[in-house]
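Notes to accompany the following structure.
The values are calculated or read from the model by the stated rules, or taken from the named source; none is laboratory data. Since the model is a prediction, treat every value here as computed from it, not as a measurement. So basically every Cβ, Gly included, is an ideal-geometry build from the backbone, and we count neighbours across all protein chains shown.
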Ligand code: ADP
Ligand code: MG
C-alpha cells in the first residue's frame, strides 16, 4: 500500500470512530479471519445489576448479605460493585471487612462480622470443600440459563447464599456479529464466566463458539493457540485483564469506553464502543489493500 492510500484509509476509518494507531495495522486488518470478543463490557454493556439474592435456610438474610457486601466492598471487580449496590439498595448497612483477599478469576475471601466469608464461583467453592445443596445447584442452573452470573457465598466453610447478577446486551451487538459473519469471519466469545451463562449470552448475540471459564492469565494463551492453528486473530476487549490478549493478537482492538490499559495496548480503538467498529475496521482495510495491489 502506498503511504497516500494508507493515510486516506486511516482518515476514513477515523470518521467512523475507528482509530488505527499506525498504518501497519490498517494493512494487517484485511488478513483477519477470526474475531475473539471479550464478554463483559464488549458484547454486553458491562454494567451488571443484582437481580436475585437467595439466602440458605438457617441463616439470617440481613446478616449474611451484610457480610457479603462488606467483603465485596473491598473488591474492584465489576461484579463486586453490582453486589454492593444491590445489597445497599435493600437497606442493609455494611460492616467493615477485617481482612480481604482477591482470588483472581474465582472470587474473594474476607473476614467480616466475626466470620470467614468465601464469595465467588463454583470453582472457588470446590477448591475450598464447600458443598451447595442440590436445590441450590438447581436454582443456580436456572439462573445461569437466563444468562445471569451467579456468585456463591460460604460462611465459615458452610454454603450460605447465592447472588445473581445480570448484564445487558449492547443493543448493536447482535447485528454487528451478523455483519462479521457475513464478512466470512469466525466469531468467538471469550470469558472468565461459567460455560452456561456464557452460552446463554453468546446465543442471544448470535455467537456459536464460546471459550468460557478462561482464567485472567489464560486469555492471551487462548489467542496464541488460535494463531498456532493458523488463524489470523483480532481480539476485542475493554478490560485490564484483556490487555495481554490484545497484545498477543494479530490486531488488538480496544473498546473506547473501556480501561486506559486496554486502549494503550491495542492497535485500534473503537471510539463508538459498539461492535460495528470491528467490521468497519476490517472493511476499510480490505478496501485499502484491494485498491493498491
Ligand atoms: P470476567 O472478566 O469474565 O468477569 P473474571 O476472571 O474476572 O472474569 O472472573 C471470573 C469469575 O470469577 C466471575 O464470573 C465470578 O464468578 C468470579 N469472581 C471474580 N471476582 C469476583 C468477586 N469479586 N466476587 C464474586 N465473584 C467473583
Ligand atoms: Mg470486559
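Within the set 237, 258, 277, the sole residue that is touching a residue at least 12 places away in the same chain (Cβ under 8 Å), within 16 Å of ligand 1 (Cβ to nearest atom) and either touching a strand residue (DSSP E or B) at 6+ places or on another chain (Cβ under 6 Å) or within 15 Å of residue 187 (Cβ to Cβ) (or both) turns out to be 237. Contact map, the stretch 19-40: first residue on the phi > 0 side of the Ramachandran plot, second residue part of a strand (DSSP E or B), Cβ cut-off under 6 Å, separation 6 or more or different chains; the map is empty. Restricted to the stretch 224-243, and to residues there that are under 15 Å from the mean Cα position of the chain (by Cα) and crowded, with 21+ Cβ neighbours inside 10 Å, the residue that is farthest from residue 200 (Cα to Cα) is 243.
For the stretch 261-274, taking the residues that are closer than 17 Å to residue 25 by Cα and without any contact (Cβ under 8 Å) to a residue 40 or more places away in the chain, the one that is nearest to the chain's Cα centre (by Cα) is identified as 262. The residues of the stretch 79-114 that are assigned to a strand (DSSP E or B) and either within 16 Å of ligand 2 (Cβ to nearest atom) or surrounded by fewer than 23 Cβ atoms within 10 Å (Cβ to Cβ) (or both), listed by number, are 99, 100, 101, 102, 103, 109, 111. The set of residues in the stretch 65-78 that are in contact (Cβ under 8 Å) with a residue 40 or more places away in the chain and crowded, with 23+ Cβ neighbours inside 10 Å comprises 65, 67, 68, 70, 71, 72.
Number of residues in the stretch 41-96 that are at negative phi and away from ligand 1 (no atom under 12 Å from the Cβ) equals 31. Scanning the stretch 43-63 for residues being surrounded by fewer than 19 Cβ atoms within 10 Å (Cβ to Cβ), at pLDDT below 95 and within 11 Å of ligand 2 (Cβ to nearest atom) gives a total of 0. Residue 11 - would you say it is within 16 Å of ligand 2 (Cβ to nearest atom) and closer than 30 Å to residue 247 by Cα? Answer is no for this residue. Does residue 36 qualify as being within 30 Å of residue 249 (Cα to Cα), in contact with a strand residue (DSSP E or B) (Cβ under 7 Å, 6 or more places away or on another chain) and in the same structural domain as residue 255 (by TED's automatic domain parsing)? Here the answer is yes, as residue 36 does meet what is asked.
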